[in-house]
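A short write-up of the structure that comes next.
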Amino acid sequence: MKLIEEVIKERILVLDGAMGTMIQQYDLQEEDFRRGWFENHESSLKGNNDLLSLTRPDIIEAIHRAYFDAGADIVETNTFSGTSIAQADYGLEKYVHDINVHSAKIAKKVAEDFTYNDPSKPRFVAGSIGPTNRTASISPDVNDPGFRNTNFDQLVVAYKEQVNGLIEGGVDVLLVETVFDTLNAKAALYAIEEAFTELNVKVPVMISGTITDASGRTLTGQTTEAFLISISHFPLLSVGLNCALGAKDMQPYLKTLANKSSCYVSAHPNAGLPNEFGAYDETPSMMCKQLEKFLNEGLINIIGGCCGTTPEHIRAIADLASSYKPREIVTL
């Protein structure tokens, strides 16, 4: 089977859509998040979607299959909150390794099934590494600007535990995504490098930042170019943007990455901005009209969807992307 580093030279790769959006459609109850693992756990677990890789692996497998069937080349593991820092809110720190290993194995099994059935289109698994629910750069307390509820070293320990589990589970690539604080992301990259050294293994690494509003900055105040410079020391497969903005609002910042990055470029925007009910209204055709501008300008190597996107969105995106050539790497 070809490696992802080979396939990405040949065509635009399609990433999957939103895991959370798909999980919501199942209307799960508290018992779904406990089954076989956490029946006697003292606190409520409903909404802790990463646990479903343990308690309802059938659902997670079905979601991966739906995205591959829609034309995705890459699916993300169900591990967006798979760190001890994020799981501490539920008192489940000791299950982090299980969450990541099982999530990776579920996705890998489905990827291998699809690749076996069509070897001309190899399928890949990206280990999803979310930003955690704490930030190392700014204070969560407006009355104490100097306060931090985490630090770099704590983040490194948490991320390395997650990375070890994802690698053990067999992921093909690691995706540090939804970066709103670049210091958190730098801790993740440091943890990845430590894990590679200790395990004597390497997999490609993707990173995807989040521009939070029309100012074109991350939550912690960096411009797109500053974000790129901050992580450019690490040998990346790709750099990109996801979440927060819809495709229309993301375009100028994506163009900055495409013009200034010496690695591949990815984008997986939301299906527009959330409405007053927190839902996303952009249909697949509406989203594709906006994404076509990315493709016409030759900005993209990897394209997919974030919040609000479904297999129907990914099917339309895959059909659209198949008509375009991937962005060529620029020599800086």
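The values are calculated or read from the model by the stated rules, or taken from the named source; none is laboratory data. Everything quoted here is computed from the prediction, not taken from an experiment. Cβ coordinates were reconstructed from backbone atoms using ideal geometry, including for glycine residues, and neighbour counts include every protein chain displayed.
One line per residue, one yes/no per condition, for (1) on the phi > 0 side of the Ramachandran plot; (2) more than 17 Å from the chain's Cα centre (by Cα); (3) among the hydrophobic types (A, V, I, L, M, F, W, C):
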position	(1), (2), (3)
Ile129	no, no, yes
Ala136	no, yes, yes
Asp153	no, yes, no
Gln162	no, no, no
Ile167	no, no, yes
Gly170	yes, no, no
Residue among Ala247, Ala188 that is under 25 Å from Asn78 (Cβ atoms), in contact with a Pro (Cβ under 6 Å, 6 or more places away or on another chain) and of a type in the set (Gly, Ala, Ser):
Ala247
When you scan segment 164-184, how many residues do you find that are closer than 13 Å to Pro131 by Cα and out of contact with any Ser or Thr (no Cβ under 8 Å at 6 or more places or on another chain)?
0
Go through Val176, Val156 for me and flag whichever is part of a helix (DSSP H, G or I) and either surrounded by fewer than 24 Cβ atoms within 10 Å (Cβ to Cβ) or aliphatic (A, V, I, L, M) (or both).
Val156
The listed residue being crowded, with 20+ Cβ neighbours inside 10 Å, touching a strand residue (DSSP E or B) at 6+ places or on another chain (Cβ under 7 Å) and either of a type in the set (D, E, K, R) or part of a loop (DSSP other than H, G, I, E, B) (or both), out of Val125, Val171:
Val171
Spot the failing condition for His313; the list is (1) touching a helix residue (DSSP H, G or I) at 6+ places or on another chain (Cβ under 7 Å); (2) on the phi > 0 side of the Ramachandran plot; (3) not basic (Lys, Arg), and only one is missed.
(2)
I'd like the full set of residues that are within 27 Å of Ile106 (Cβ to Cβ) and either acidic (Asp, Glu) or without any contact (Cβ under 8 Å) to a residue 12 or more places away in the chain (or both), limited to segment 128-174.
Glu161, Glu168, Asp172
Identify the residue in segment 183-215 that is assigned to a helix (DSSP H, G or I) and β-branched (Val, Ile, Thr) and, among all such residues, is nearest to Ala267 (Cα to Cα).
Ile192
Evaluate segment 232-243: report whether one residue or more is out of contact with any helix residue (DSSP H, G or I) (no Cβ under 7 Å at 6 or more places or on another chain), without any contact (Cβ under 8 Å) to a residue 40 or more places away in the chain and of a type in the set (Gly, Ala, Ser).
yes
Mind listing whichever residues of segment 1-26 are modelled with pLDDT under 95 and among the basic types (Lys, Arg)?
Lys2
Options Ala136, Ala104, Ala158, Ala86; residue that is over 25 Å from Lys46 (Cα atoms), of a type in the set (A, V, I, L, M) and touching a helix residue (DSSP H, G or I) at 6+ places or on another chain (Cβ under 9 Å):
Ala136
Picked from segment 24-65 (must be charged (D, E, K, R) and in contact with a Phe, Trp or Tyr (Cβ under 9 Å, 6 or more places away or on another chain)), the residue surrounded by the fewest Cβ atoms within 10 Å (Cβ to Cβ) is Lys46
Whichever residue in segment 5-55 is among the β-branched types (Val, Ile, Thr) and more than 21 Å from Ala66 (Cβ to Cβ) and, among such residues, is farthest from the chain's Cα centre (by Cα)
Val7
